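Read through the structure below, which is laid out as structure tokens, and then see the notes.
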Amino acid sequence: MKDQEFVPYFVPYMERTRLFYRAQGFEKDYVWAHFEATPFSKPEKPLEDCVVTVVTTAVAHPKIPKPTRKAESIPFAETPAQFDTSELSWDKETTHTEDRQSYFPLEVLNKLAGQGIIKSVSKRFHFVPTQYSQGATINDDAPAIAKACRNDEVDIALLIPL
Amino acid sequence: MDIVTHCKVPRYLHNNLPLGNPLGSPGDRETQMKSVLEALKLAVSSEHSVVQVSDACWKGNDHWKENYNKVDQSNHEELLRLGKENRRKRAENKARGLSR
């Protein structure tokens with residue numbers, strides 16, 4: 001008899017979310033962004049020559065009201081000791097976000113730069129807000145972050161949403 | 001996993017962990033380091049769009065997979081209340097011009 005193959009179970013977040021909000025009385029289901037194809041390009045240099053940055057959904061400036069938050073490029077030197085994650089949707093019953101390194105890898109990137117595994121950490125990281133408007137993301141936030149990355153001569157951007 | 005693959009991104013490294021700690025569980029420095037290294041390696045070595053599942057796993061039981069945003073009779077009333085509150089807040093924000 002063949003050994004039973006281990007099949008990992010991934011939470012069906014889209015279905016779970018649809019049912020969750022229907023149960024809250026929302027009549028229209030959320031429509032997730034979808035693309036048939038994705039632009040792809042391979043860096044032309046090895047990892048040790050790459051400048052790396054981070055794009056996060058964790059909130060550095062919580063005083064700005066959530067509905068009006070826009071993409072921001074913030075010096076790594078001004079990384080808050082704790083981001084505000086309270087308004088984001090994550091599993092608040094199972095885990096916590098008190099360990100910044102569990103979602104924002106500044107220490108790891110500094111270590112990799114120190115070891116020469118990457119060239120350096122970029123001057124700035126980037127905040128992208130989690131709002132319902134795909135238009136705001138596609139037309140405003142993403143281009144603003146791409147422009148800032150080009151200005152900072154970034155080779156690799158790690159998108160690490162919570 | 002389903003949301004990111006629906007959207008489609010150039011490269012995706014999936015850690016099968018509860019939402020909130022995408023790089024590794026709190027305090028798990030080894031997984032946090034490994035996640036970043038694996039992602040960077042994907043960035044420089046992939047020849048085409050790719051989805052990779054890491055071997056990171058949650059140290060506790062698997063109940064979180066069933067419990068996240070669960071809907072049942074026990075939270076029916078609470079969810080309706082949350083929905084009302086959510087819609088009230090959105091309307092209030094709109095009235096105050098707080099939108100993009």
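Laboratory data are not the source of any read-out in this text; all were calculated from the coordinates shown. This is a predicted model, so every value here is computed, not measured. Don't worry about glycine lacking a Cβ; one is built from the backbone with ideal geometry, like all the others, and counts go over all protein chains shown.
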Check your understanding: How many Cβ atoms of partner chains, on average, are near each residue of B:33-44 if near means within 10 Å of its Cβ?
Key -> 6
Point to revise | For B:81-89, mean number of other protein chain Cβ atoms within 10 Å | key: 3
Review point. Here are some pairs, A:LYS66/B:LYS84; A:LYS123/B:LYS8; B:LYS65/B:LYS89; A:LYS147/B:LYS65; A:LYS70/B:LYS8; which of them have Cα atoms lying more than 26 Å apart in this structure?
Key: A:LYS123/B:LYS8; B:LYS65/B:LYS89; A:LYS147/B:LYS65
Check your understanding: Taking the Cβ-Cβ separation of A:GLU153 and B:HIS63 as r and a Förster radius of 35 Å, what is the calculated FRET efficiency to the nearest 0.05?
Key -> 0.15
Practice item. Could you let me know the centre-to-centre spacing of segment A:35-81 and segment B:9-58, using Cα atoms, in angstrom? Key: 16 Å
Review point. For A:LYS70 and A:GLU36, FRET efficiency with R0 = 22 Å and r from the beta-carbon atoms, rounded to 0.05?
Key: 0.20
Check your understanding: Tell me, what is the percent relative contact order of segment B:2-69, built from C-alpha pairs under 8 Å that lie six or more residues apart?
Key -> 44 percent
Review point. Near A:LYS42, which aspartates and glutamates are there with a Cα under 15 Å away, not counting those fewer than 8 places off in the same chain?
Key: A:ASP155, B:GLU47
Revision key, fill the gap. Between B:ALA56 and residues 5 or more places away or on another chain, the pairs with built amide H atoms under 5 Å apart involve B:ASN16
Point to revise | Other-chain or far-sequence residues with amide H under 5 Å of A:PHE125's (modelled H) | key: A:ILE74, A:PHE76
Practice item. With a 10 Å radius around each residue's Cβ, average the other Cβ atoms per peptide and rank A:121-133, B:5-17, highest first. Key: A:121-133, B:5-17
Practice item. For helix A:142-151, report the angle its Cα long axis makes with the longest principal axis of the Cα atoms of chain A; keep it between 0 and 90° and round to the nearest 10°. Key: 10 degrees
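Please give the average number of partner chain Cβ atoms lying within 10 Å of the Cβ of each residue in A:15-23, rounded to a whole number.
Values: counts 2, 7, 4, 1, 4, 8, 6, 3, 11.
If you average over the peptide's residues, the count of other-chain Cβ atoms is 5.
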Check your understanding: Over the Cα atoms of segment B:2-69, what is the Rg over Rh ratio if Rh follows Kirkwood?
Key -> 0.99
